[in-house]
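Accompanying notes for the structure given below.
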Amino acid sequence: MLGKRKLGRQGLEVSKLGLGCMGMSHAYGAPDDVESAATIDRAIELGVTLFDTAEAYGPFTNEELLGRCFKGRRDKVVIATKFGFVLDGKSRSGVDSRPSHIREVVEASLRWLQTDRIDLLYQHRVDPNVPIEDVAGAVRDLIAEGKVLYFGLSEAGAETIRRAHVVQPVSALQSEYSLWERNLDDAVLPTIRELGIGLVPFSPLGRGFLSGQARRAENYPADDFRSWGDPRFQGSNFDANMAVADTVRALAAERGATAAQVSLAWLLQLGDDIVPIPGTKRRTYLEENLAAAQLVLTAAEIARLNDVASQTGVAGQRYNQHDLDMLDR
């Protein structure tokens, strides 16, 4: 069995690993709704309950896909979705977390998802023009109405998290976090653990690097985010970063596991308050990822992995400058 974990102190319980659904409709090449639907079916069969989406994925088409897939079994899943971007066609032209806009997005998401409630609602990116207290208050009102059950933040800094939590308790923080992306360690992770907030790491496999599936930026199609939006896949950065990936693969070979399983097991063993959401639209990768829940690393292996990024270093920023400017750090 996959097992369960609790996110926050408000009662939200989810599977030990969730499924990131963005790549089914957005950022990682052409969609394949048939295989994506089969992957969602298989995830439910294997005990996954947490499914992560957002209005921005597509936009809207990912929520629509999940809505179709969850018909007749809504009570078996926990749906996490997000608000906060201004969507102009298929691009994001800014952020908007005004309370009136939050309500508009929630009403639209409920329609796309064909449901009467959103289990976990995240602010996708912090809006510097709207006090976080107003954002938390708007979500608190939606919780009171039963349209939302739990509140989350994404890529928020420690001060923002504290201020939001006073108004409406935050159940989960979703941020990029992995063996080679440790940006939360100094301030954010201690803060959420003090406040009893769960961590939902996205891109726990470094967008393919830590699974051993990474290619150079120019080898991805133009509609794949990694071809233009992630400096770590570009030029000399790619070569330098393969050293981190090689160490993970070597340890995986010793354990008879895959690099992805080792990377996810490392995350899972950091604490019971962590629920990674590796993304895939393929059943093969889903099954491989979920098997990480059964892999137990030794203290020596964890120490070896901890040394990888600190000694070797990771070359390049994790986003281009436009997307870095949207982070609340």
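The values are calculated or read from the model by the stated rules, or taken from the named source; none is laboratory data. Quick caveat: nothing in here was measured; it's all calculated off a predicted structure. Every residue, glycine among them, receives a Cβ derived from its backbone with ideal geometry; neighbour counts consider all protein chains shown.
Descriptive notes on the structure:
- Among the numbered conditions (1) part of a loop (DSSP other than H, G, I, E, B); (2) under 17 Å from the mean Cα position of the chain (by Cα), the only one that Lys71 does not meet is (2).
- Answer from Ser236, Ser203, Ser227 - the residue that is of a type in the set (Ser, Thr, Tyr) and within 22 Å of Ala292 (Cβ to Cβ): Ser203
- Test: residue in the stretch 221-240 that is among the basic types (Lys, Arg), more than 16 Å from Met22 (Cβ to Cβ), surrounded by fewer than 20 Cβ atoms within 10 Å (Cβ to Cβ) and in contact (Cβ under 8 Å) with a residue 12 or more places away in the chain: no
- Test set (1) basic (Lys, Arg); (2) touching a helix residue (DSSP H, G or I) at 6+ places or on another chain (Cβ under 8 Å); (3) in contact (Cβ under 8 Å) with a residue 60 or more places away in the chain - Lys82 fails condition number: (2)
- The residues of the stretch 276-329 that are in contact with a strand residue (DSSP E or B) (Cβ under 8 Å, 6 or more places away or on another chain) and either assigned to a helix (DSSP H, G or I) or farther than 24 Å from Asp230 by Cα (or both) amount to a single one, Leu286.
- Count of the stretch 85-142 residues which are of a type in the set (S, T, N, Q) and either farther than 22 Å from Thr160 by Cα or in a strand (DSSP E or B) (or both): 6
- Any chance Glu55 is surrounded by 14 or more Cβ atoms within 10 Å (Cβ to Cβ) and acidic (Asp, Glu): yes
- Filtered by the rule that a residue be charged (D, E, K, R) and over 22 Å from Asp325 (Cβ atoms), the stretch 145-184 gives Glu145, Lys147, Arg162.
- Single unsatisfied condition, Gly146 versus (1) assigned to a loop (DSSP other than H, G, I, E, B); (2) under 30 Å from Ala315 (Cβ atoms); (3) of a type outside the set (Asp, Glu); (4) at pLDDT 95 or above: (2)
- Test: Ala245 is touching a Leu at 6+ places or on another chain (Cβ under 9 Å), more than 30 Å from Cys69 (Cβ to Cβ), crowded, with 20+ Cβ neighbours inside 10 Å and among the hydrophobic types (A, V, I, L, M, F, W, C): yes
- Cβ-Cβ under 7 Å pairs, at least 6 apart or on other chains, the stretch 103-127 side polar (S, T, N, Q), far side assigned to a loop (DSSP other than H, G, I, E, B) and buried (at least 18 other Cβ atoms within 10 Å of the Cβ): Ser109/Glu55; Gln123/Gly84; Gln123/Ser97
- One residue from Ala108, Ala144 being of a type in the set (A, V, I, L, M), under 23 Å from the mean Cα position of the chain (by Cα) and surrounded by fewer than 17 Cβ atoms within 10 Å (Cβ to Cβ): Ala108
- Hey, Ala243 in contact (Cβ under 8 Å) with a residue 24 or more places away in the chain and within 30 Å of Pro31 (Cα to Cα) or not: no
- Residue match in the stretch 179-201 (condition: buried (at least 19 other Cβ atoms within 10 Å of the Cβ), in contact with a Lys or Arg (Cβ under 6 Å, 6 or more places away or on another chain) and of a type in the set (A, V, I, L, M)): no
- Filter result (free of Cβ contacts under 8 Å to residues at least 60 places away in the same chain and within 26 Å of Tyr57 (Cβ to Cβ)) within the stretch 262-284: Thr284
- Residue pairs whose Cβ atoms lie under 8 Å apart, sitting 6 or more positions apart in sequence or on different chains, and linking a residue in the stretch 60-78 that is farther than 14 Å from Ser109 by Cβ to a partner that is part of a helix (DSSP H, G or I), are Arg68/Ala37; Cys69/Ala37; Cys69/Ile40; Cys69/Asp41; Arg73/Ile44; Lys76/Ile44; Val77/Ile44.
- Pairs meeting the criteria (first residue in the stretch 159-177 and closer than 16 Å to Pro190 by Cβ, second residue hydroxyl-bearing (Ser, Thr, Tyr) and in a strand (DSSP E or B), beta carbons under 7 Å, at least 6 apart or on different chains) are Ser175/Ser154.
- In the set Ala303, Ala259, only one residue is surrounded by fewer than 19 Cβ atoms within 10 Å (Cβ to Cβ), out of contact with any Cys (no Cβ under 6 Å at 6 or more places or on another chain) and more than 26 Å from Leu153 (Cα to Cα); that residue is Ala303.
- Selection from the stretch 27-46 of residues that are closer than 16 Å to Phe60 by Cα, assigned to a helix (DSSP H, G or I) and among the charged types (D, E, K, R): Asp33
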